[in-house]
2 protein chains.
Amino acid sequence: MTDYRRLRVALLGAGSVGSQVAALLLQHGPELADRAGAHLDLVGVAVRDLDAKRDTDIPRELLTTDAERLLVGSDIVIELMGGIEPARSYLLQALNAGADVVTGNKALLATHGPELFEAADQVGASVHYEAAAAGAIPIIRPLRDSLAGDRVQRIMAIVNGTTNYILDRMDQEGADYADVLADAQRLGYAEADPTADVEGYDAAQKAAILASLAFHTTVPLDAVHREGITGVDAAMIEAARKVGYVVKLLAVCERRDDAGVESISVRVHPALVRREHPLASVHGANNAVFVQAEAAGNLMFYGAGAGGVQTASAVLGDLVSVARRRIAGGVGVGESTRANLPILPIGRARTRYQITLEVDDRSGVLATVAGTLADGHVSIATVEQTIIPNGEQARARLVIGTHIALEQDLEDTVDALAASGVVERVVSVLRMEGD
Amino acid sequence: MTDYRRLRVALLGAGSVGSQVAALLLQHGPELADRAGAHLDLVGVAVRDLDAKRDTDIPRELLTTDAERLLVGSDIVIELMGGIEPARSYLLQALNAGADVVTGNKALLATHGPELFEAADQVGASVHYEAAAAGAIPIIRPLRDSLAGDRVQRIMAIVNGTTNYILDRMDQEGADYADVLADAQRLGYAEADPTADVEGYDAAQKAAILASLAFHTTVPLDAVHREGITGVDAAMIEAARKVGYVVKLLAVCERRDDAGVESISVRVHPALVRREHPLASVHGANNAVFVQAEAAGNLMFYGAGAGGVQTASAVLGDLVSVARRRIAGGVGVGESTRANLPILPIGRARTRYQITLEVDDRSGVLATVAGTLADGHVSIATVEQTIIPNGEQARARLVIGTHIALEQDLEDTVDALAASGVVERVVSVLRMEGD
């Protein structure tokens, strides 16, 4: 043991994940040293406030407010501060000085990833970010290494625990969005300001990271189409249940091949998932990444997508890997963006849709609706009509499942339906994924 | 592209996996070169019979019966022959010459793994074997790298597709073992001689590989307790269903801590799994590895556990990883067996059990049974009694669920029950895992 080299590890941030990383590192030091082949010396923890309350006890002498100074001479820098600045500047400083970086900062990666990877490449260092994609679920190495000889066709992923918790409870209890959100906030599953989660921003960042890796393509955050779950109501979930589906907030990353021209589509939105699909059985705040690969077929990676100690596991895994590489020599794994496939706008996405309409209950209406769909190049797979009692003028609810259609065609067709004179209300339009 | 180094790749074996590896390597050469940073030149494929029929077309000039000569000068050797010899000798020859090795040979790894890893260590080469543990499911890198900073507490895995297919159909159709086996053989899900699968030999090899990695301990195959599924009948599955369980053939690898003394237990046997457990929803020939880690919590890795092209994906992933490392420099990842925890005999395993008995239906019998269990240090959690009409002398069926007990105590207690005079027949004893 005594002949191990010593590696200087600097930690930036001591929030819910950072404080757990510090605790595990201090607690399991000798075991981690054996696995890494190096002593991992935690030389300091940069924080904003020395006296803030933390989830674990970090020895006072390790705490510092001077992050820049802490970085000097560090071999490995772990960044768990979150946000763009000053995290970005600190990591560039660390990389330029030849340190390896471990980060769980999805916002930073999704917006400034290429800059960091480029800086790492210049000095033969590496950026590891297992914790940024799906919390504790090991997905980066499987995508980057295990599937390196395969071709990923599609990823469908539940990568936000808060929204999955909310949708799952709505599904199980028939409860409405606002009630479950309030309860989730009370229980700590949702933030006081839940925007980043419920509007899909968090999921979109993760989708950008997953798609970049899977398709060897730089996927900027603004190329990810994003819709949140604030429009999902109890009626929508009940209607989905009746036809054997569940509503999930999905990150969908897919490869497209249009007559030999390859491109990708990356989007985050609520989607109908058939109850028999493995993703449908992902309950509570759990996450899962379902991967369809050309040779490997269907794979799924399941686990906790968030949580301080769970996410700390991913950070420490990266730390040990980085340490091994520093000891073994050789340059780090660079990012592969050699494919750099074009990224399609949402209008060119293709999937199935469920369109729910309220129409007048009179003869000829169904024919008009069907005609409008046909004119719009949207082909009907299933249609179900139920009568809604409404005094003298009875109405009907039409639930239409389409075959695969182009998003732009679908949008235009829904506009045409709304203007057709026979449709009282477009109740909802939901994408159906994974059939 | 032209400035890539060229790496010489030799393939041993062109069976269902090998022939797919050759095809994918020839077909996706340029894409794989971009990912590996090296041209992967398939220099030859060693086979026993040049004229055998194969799943894919391999150019005749690549085929050779002279494996030893093919190895000379190879950078990377892929071994997919199976069996111990001559695979072992070829791989030792390759490693001694400084080549890296990719293998899917679980029998070889489970019996001669340490010898291969030692040979690799001597020259700074590496042995990769993603395809040997769970087919296409990426599990080696998650265990070795992603969880390198965590502590695996338990693995429960469905690692044999044939037996899962059989048990799943028995569960879904209420069919009996022999009928489903015959059908599985007809459909190609089971071999003409199904022994390796149905007696648990295949699963035991994989359990040894998974436990070695998870616990940083050399686990020899003969330390793995093994039971197959030939004793599982329709009645057992029906009884399990009634109480909310499904029968699965599980590989269980668990860490034990008895008052600070650490050890591990590795076993393969049919087990009752609660229907809500993620493993219960693994259907057909699919595999899944459920991992409980100290920090990361519960993770599951799901996918195809077998199949030529699926498994080829894992082999190619290893190939690209190995190539990257040869280009980047540095020594390979050695095996970590630094913990080398003692491996407990099956008698010292601890789990819950379901004991099904046929007893005389008369007063005092339940008291005798309960007393025998108490004397044997086996504590009762649940008991259910049903009357079996049997002419004058009615009998009762007792289904007893125990709390966690020591396997040896359980065995002794079941013997004592059989000899107690009130038990007509011990119908079954099944372990219950994952509650």
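The values are calculated or read from the model by the stated rules, or taken from the named source; none is laboratory data. All of these numbers come straight from a predicted model, not from anything done at the bench. Heads up, the Cβs are rebuilt from the backbone with ideal geometry, glycines too, and the neighbour counts pull from every protein chain shown. Side chains are part of the model used for accessible areas, which takes the heavy atoms of the whole protein and leaves out ligands, DNA and RNA. Shrake-Rupley method; radii C 1.70, N 1.55, O 1.52, S 1.80 Å.
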So B:L26 fits all but one of (1) part of a loop (DSSP other than H, G, I, E, B); (2) over 21 Å from B:A107 (Cβ atoms); what number is the exception? (1)
Can you give me the ranges of the helices (runs of 4 or more DSSP H) entirely in region B:67-186 with at least 2 residues that are among the β-branched types (V, I, T), more than 14 Å from chain A (Cβ to nearest Cβ) and buried (at least 24 other Cβ atoms within 10 Å of the Cβ)? B:161-173
Among (1) closer than 27 Å to A:L95 by Cβ; (2) open to solvent by 20 Å² or more (accessible area, probe 1.4 Å), there is one condition A:R362 misses while meeting the rest; what is its number? (1)
Kindly indicate whether any position in region B:344-358 is within 24 Å of B:G228 (Cβ to Cβ), small (G, A, S), surrounded by fewer than 16 Cβ atoms within 10 Å (Cβ to Cβ) and free of Cβ contacts under 8 Å to residues at least 12 places away in the same chain. no
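Within the group B:A251, B:A288, which residue is buried (at least 22 other Cβ atoms within 10 Å of the Cβ), touching a Phe, Trp or Tyr at 6+ places or on another chain (Cβ under 6 Å) and assigned by TED's automatic domain parsing to the domain that holds B:V180? Break it down stepwise before answering.
Numbers: B:A251 fails: touching a Phe, Trp or Tyr at 6+ places or on another chain (Cβ under 6 Å).
One residue alone meets the criteria, B:A288.
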Name, by its number, the condition in (1) at pLDDT 95 or above; (2) in contact with an Asp or Glu (Cβ under 6 Å, 6 or more places away or on another chain); (3) within 11 Å of chain B (Cβ to nearest Cβ) that does not hold for A:A271. (3)
Residue satisfying condition, being in contact (Cβ under 8 Å) with a residue 40 or more places away in the chain and small (G, A, S), within set B:G44, B:G15, B:G83: B:G15
Members of region A:243-292 found to be among the β-branched types (V, I, T), outside any strand (DSSP E or B) and under 16 Å from the mean Cα position of the chain (by Cα), listed by number: A:V282
For region B:385-419, which positions are surrounded by 16 or more Cβ atoms within 10 Å (Cβ to Cβ) and among the hydroxyl-bearing types (S, T, Y)? B:T402, B:T413
On the given criteria, is B:A374 over 13 Å from B:E411 (Cα atoms), small (G, A, S), out of contact with any helix residue (DSSP H, G or I) (no Cβ under 8 Å at 6 or more places or on another chain) and open to solvent by 50 Å² or more (accessible area, probe 1.4 Å)? yes
Need pairs with beta-carbon distance below 7 Å; first residue without any contact (Cβ under 8 Å) to a residue 12 or more places away in the chain and within region B:19-37, second open to solvent by less than 20 Å² (accessible area, probe 1.4 Å); sequence gap 6+ or separate chains. none
So for region B:327-336 (the condition being free of Cβ contacts under 8 Å to residues at least 40 places away in the same chain and either on the phi > 0 side of the Ramachandran plot or in a strand (DSSP E or B) (or both)), does at least one residue qualify? yes
Answer yes if at least one residue in region A:296-309 is of a type in the set (S, T, Y), in contact with a Phe, Trp or Tyr (Cβ under 8 Å, 6 or more places away or on another chain) and open to solvent by 10 Å² or more (accessible area, probe 1.4 Å), and no otherwise. yes
Conditions (1) crowded, with 24+ Cβ neighbours inside 10 Å; (2) closer than 23 Å to A:N340 by Cβ -> A:H216 fails only (1)
